[in-house]
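J.: Next up is a structure, given as structure tokens.
Readers should treat all values here as calculations from the given coordinates under stated rules, not as data from a laboratory. Small disclaimer: the values here were computed from a predicted structure and weren't measured. Note that each Cβ is placed from the backbone with ideal geometry, even for glycine, and that neighbours are counted across all protein chains shown.
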Protein chains: 2
Amino acid sequence: MSAILINGQSAEHISVLDRGFQYGDGVFETLRVSAGKPCHWAQHMARLSAGCQVLRISMPEPALLLSEAMSLCAGEVAAVLKIIITRGVGKRGYVPPAQAVPTRALSLSPAVVFPQMHYRDGVSVRVCDTRLAGNPTLAGIKHLNRLEQVLARAEWPEGEGSTQVAEGLMLDNNNNVIEGTMSNLFCVQEDEGGPVLKTPLLTHCGVKGITRENIINVAEAAGISVQETTLGLVDLYRSQELFLCNTLIGIWPVRQLEDQHFAVGPMTRRLSQALESLHD
Amino acid sequence: MSAILINGQSAEHISVLDRGFQYGDGVFETLRVSAGKPCHWAQHMARLSAGCQVLRISMPEPALLLSEAMSLCAGEVAAVLKIIITRGVGKRGYVPPAQAVPTRALSLSPAVVFPQMHYRDGVSVRVCDTRLAGNPTLAGIKHLNRLEQVLARAEWPEGEGSTQVAEGLMLDNNNNVIEGTMSNLFCVQEDEGGPVLKTPLLTHCGVKGITRENIINVAEAAGISVQETTLGLVDLYRSQELFLCNTLIGIWPVRQLEDQHFAVGPMTRRLSQALESLHD
């Protein structure tokens with residue numbers, strides 16, 4: 001199972017002059033597909049639209065994207081849908097073409113099945129050497145300039161079994177922890193008034209994940225105090241609980257960060273359940 | 001005139017699964033073509049190779065690239081050759097494929113003819129709002145993550161005539177001037193011992209241009225003192241001369257930076273002549 005639609009046509013290639021290829025001039029979304037449908041569609045469209053607005057790319061009609069997505073997802077029990085929107089084909093040079101026609105590339109990949117122990121026992125996480133550079137304009141959106149993530153992910157080999165490192169955390173140039181290479185991060189800290197859920201502030205770099213957003217929403221709805229704030233590594237080491245999230249993995253408890261071990265705690269369990277019961 | 005070779009074959013499209021399109025996972029070179037040949041080939045290959053090494057992409061044989069370049073350039077009096085090397089096709093996810101086969105895309109575009117007054121009278125330059133984020137690993141190489149340049153170049157419209165802004169300068173997050181969106185920058189300052197040629201240090205961001213390198217070399221060979229150093233806007237405003245350079249433009253004197261005017265000075269003239277007499 002693998003299928004691609006480019007501008008609505010079944011195809012596997014794009015123009016070498018597409019500005020997505022030339023400059024990474026575009027945005028993307030990765031969606032979980034379940035029972036023939038992409039999940040959390042409206043939220044993904046909202047982020048895609050925000051990204052297009054930042055780059056001043058004319059966002060394709062969500063209804064058009066939905067009809068193309070549905071045709072790819074039809075009959076798929078579980079899969080992954082990636083949507084790439086670029087500024088389209090242009091002449092050589094950085095000047096955005098005045099009459100650009102955006103390219104939309106939708107591709108379906110097999111569902112990824114993660115080990116059950118990732119959820120039950122938690123995952124082992126490392127701290128990457130590669131830093132996330134700050135750019136307030138691009139912060140939050142999911143654009144196609146992903147070399148930092150590629151370099152960070154290349155820092156450790158793919159492993160298997162219980163010693164496997166499942167994710168790497170990335171810091172910014174001020175030593176603030178921002179996110180994982182492919183995930184967002186939360187920690188739980190005991191405060192005077194009870195446990196507080198904290199997640200890095202993403203005003204200078206990082207991607208505002210849909211699952212991150214959903215976790216904040218379900219936590220606040222449950223009366224849990226949530227803070228988007230500046231967090232250093234020392235803050236993580238002092239936390240009671242630590243977990244990672246994204247659209248495909250849901251929530252992974254962290255059982256080990258470098259040499260320090262963490263228990264899979266009650267807040268992580270509670271939010272995992274709340275997230276699963278969310279309507280897609 | 002427009003021709004493209006992808007992995008040695010005449011083609012216009014690349015796989016949508018190419019990591020150049022998915023992540024900007026690659027490097028590129030823009031070469032001036034003159035009398036049927038790409039200019040400064042060895043220097044461009046050296047930078048391409050350095051970029052591939054940083055990204056751990058297996059660099060194609062320069063002899064293979066040269067034979068492909070020569071077949072595209074044959075009979076071209078003047079043109080522009082762009083060479084893109086990516087990690088190649090991969091599965092979804094940031095992990096670099098173990099058995100990646102790099103993609104090479106060579107494309108020829110028409111030569112760009114710039115107005116004669118750009119060289120005679122100098123150009124008008126603005127200061128961009130978009131900043132260059134620091135990443136020491138990626139600094140100097142010419143990689144495919146070019147959104148900062150796209151955003152910066154989109155800050156002003158294409159103009160014509162004498163009021164035209166020809167280039168925008170980009171600063172880093174520490175307010176140091178680094179380069180233009182598509183060019184490197186030099187300034188001339190009077191020191192106790194005579195005039196000194198200064199250009200921004202590119203250890204944290206920026207692209208180490210081939211023409212920048214050639215200018216440094218011809219200046220040093222002529223006994224001119226050259227410094228790669230930290231420069232703020234105030235240092236530029238205090239300079240006697242200011243000029244921009246890249247492979248396609250050669251040297252453009254700056255006659256105006258924002259509201260301040262500059263004369264086209266003797267050092268700029270001298271280096272322009274020395275550069276023109278360089279063997280390609």
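J.: Of B:SER124, B:THR163, B:ALA100, which is farthest along the charge dipole of segment B:89-198 in the positive direction, counting Lys and Arg as +1 and Asp and Glu as -1 at C-beta?
T.: Checked the options; the winner is B:ALA100.
J.: For segment A:3-110, what's the relative contact order in percent, using C-alpha pairs closer than 8 Å and at least 6 residues apart? Don't jump to the answer; show the numbers that get you there.
T.: Values: 202 pairs, mean separation 40.4, N = 108.
That works out to 37 percent.
J.: Okay, moving on. Could you work out the Rg to Rh ratio of segment A:187-280, with Rh taken as the Kirkwood radius (inverse of the mean 1/r over all Cα pairs)? The partial results should precede the final answer.
T.: On the way: Rg = 12.8 Å, Rh = 13.7 Å.
Using Cα coordinates only, the ratio equals 0.93.
J.: If you stretched the chain out fully between A:THR137 and A:ALA42, how much longer would it get, using 0.36 nm times the residue separation minus the C-alpha to C-alpha distance? Before the final figure, lay out the partial values.
T.: Working: separation 95, 0.36 × 95 = 34.20 nm, distance 2.28 nm.
Once the chain is fully extended between A:THR137 and A:ALA42, it gains 31.9 nm.
J.: Which distances, in nm and shortest first, link the B:VAL95 label point to the same label point in every other copy, taking 7 Å along Cα→Cβ?
T.: 4.5
J.: What is segment B:112-237's relative contact order, in percent, from Cα pairs under 8 angstrom and six or more apart in sequence?
T.: Values: 190 pairs, mean separation 33.2, N = 126.
RCO, segment B:112-237: 26 percent.
J.: Treating the beta-carbon of each Lys and Arg as +1 and of each Asp and Glu as -1, no other charges, what is the dipole magnitude of chain A about its Cα centre, to the nearest 20 debye?
T.: Numbers: 23 positive and 28 negative charges, 171 e Å.
Around 820 debye, computed over chain A.
J.: Taking the Cα centre of segment A:1-108 as origin, work out the dipole magnitude from +1 charges on Lys and Arg Cβ and -1 charges on Asp and Glu Cβ, in debye rounded to 20. Don't skip to the answer; put the middle values down first.
T.: On the way: 10 positive and 7 negative charges, 62 e Å.
Rounded to the nearest 20 debye, it is 300 debye.
J.: So how do A:CYS187, A:CYS52 line up by other beta-carbon neighbours within 10 Å, fewest first? Don't skip to the end; give the middle numbers.
T.: Details: A:CYS187 25, A:CYS52 19.
Fewest to most other Cβ atoms nearby, the residues stand as A:CYS52, A:CYS187.
J.: Now for a separate question. Lysine pairs, Cα distance under 22 Å, 8 or more residues apart or cross-chain: how many in chain B?
T.: Going through chain B pair by pair, I get 7.
J.: Let me ask something else. For A:ARG120, put the label point 7 Å out on the Cα→Cβ axis and report which residues of segment A:244-258 keep their amide N under 13 Å from it.
T.: none
J.: Let me ask you something else. What relative contact order, as a whole-number percentage, does chain A give when Cα pairs under 8 Å and 6 or more residues apart are counted? Write down the numbers at each step before the final one.
T.: Details: 570 pairs, mean separation 49.7, N = 280.
Reported as a whole number, the value is 18 percent.
J.: Can I ask one more? Given H placed on each backbone N at 1.01 Å, which residues far from A:ALA3 in sequence or on other chains put an amide H within less than 5 Å of it?
T.: Correct list: A:LEU108.
J.: Rounded to whole Hz and in sequence order, give me ³J(HN,Hα) for segment A:228-234 from the Karplus expression 6.51 cos²θ - 1.76 cosθ + 1.60, θ = phi - 60°, writing x for Gly and Pro.
T.: Couplings: 8, 8, 7, 10, x, 4, 4 Hz.
J.: Quick check: pseudo-label points 7 Å beyond the Cα along Cα→Cβ at A:ARG92 and A:VAL77, how many nm apart are they?
T.: Inter-label distance under the simple model: 5.2 nm.
J.: Ok, one more. Report P(r) for the protein assembly as shown: all Cα-Cα distances, bin width 20 Å, range 0 to the bin holding the largest distance, values in whole percent.
T.: 20, 51, 25, 4
J.: Also: Can you give me the long-range amide H partners of A:THR103? Hydrogens built in the peptide plane at 1.01 Å from N, cutoff under 5 Å, separation of 5 or more residues or another chain.
T.: Placed amide hydrogens put A:THR86, A:ARG87, A:GLY88 under 5 Å from A:THR103.
J.: Right, next: Alpha carbons only, please: Rg and Dmax for chain B, in angstrom.
T.: 19.2, 59
J.: Here's something else I'd like to know. Would you mind checking which residues have amide H under 5 Å from A:GLN227's amide H? H placed 1.01 Å from N; only 5 or more apart, or other chain.
T.: Correct list: A:LEU197, A:LYS198, A:THR199.
J.: Within segment B:140-176, name every residue whose backbone N is under 13 Å away from a label modeled 7 Å from Cα of B:ALA50 along the Cβ vector.
T.: Label zone hits: B:140-143.
J.: Listing B:ASP191, A:ASP235, A:ASP172 from the residue with the fewest other Cβ atoms within 10 Å to the one with the most, what is the order? It would help to have the intermediate numbers written out before the result.
T.: Numbers: B:ASP191 11, A:ASP235 16, A:ASP172 19.
Neighbour counts put them in this order, fewest first: B:ASP191, A:ASP235, A:ASP172.
J.: Given 25 °C and 0.890 mPa s, how large is the Stokes-Einstein diffusion coefficient of segment A:3-110 in µm²/s, with Rh as the Kirkwood radius over Cα pairs? Before the final figure, lay out each step's value.
T.: Values: Rh = 14.1 Å.
My calculation gives 174 µm²/s for D.
J.: Along the charge dipole of the protein assembly as shown, Cβ charges K/R +1 and D/E -1, which of B:VAL112, B:ALA3, B:LEU202 sits furthest on the positive end?
T.: Of the listed residues, the answer is B:ALA3.
J.: Cα-based Rg (one decimal) and Dmax (whole number) for segment A:96-252, in Å?
T.: 16.8, 57
J.: A further question on this structure: Of A:ILE224, A:GLY180, A:THR247, whose Cα points farthest to the positive end of the dipole of segment A:116-276 (charges on the beta-carbon: +1 Lys, Arg; -1 Asp, Glu; origin at the Cα centre)?
T.: Checking the options against the dipole of segment A:116-276, the answer is A:THR247.
J.: I've got another one for you. Quickly work out the A:HIS261-to-B:TYR237 label distance, labels modelled 7 Å from Cα along the C-beta direction, and quote it in nm with one decimal.
T.: 6.1 nm
J.: For segment A:113-118, in order, what is each residue's ³J(HN,Hα) by Karplus, 6.51 cos²θ - 1.76 cosθ + 1.60 with θ = phi - 60°, in whole Hz (x at glycine and Pro)?
T.: Whole-Hz 3J(HN,Hα) from phi for segment A:113-118: 9, 8, x, 4, 5, 4.
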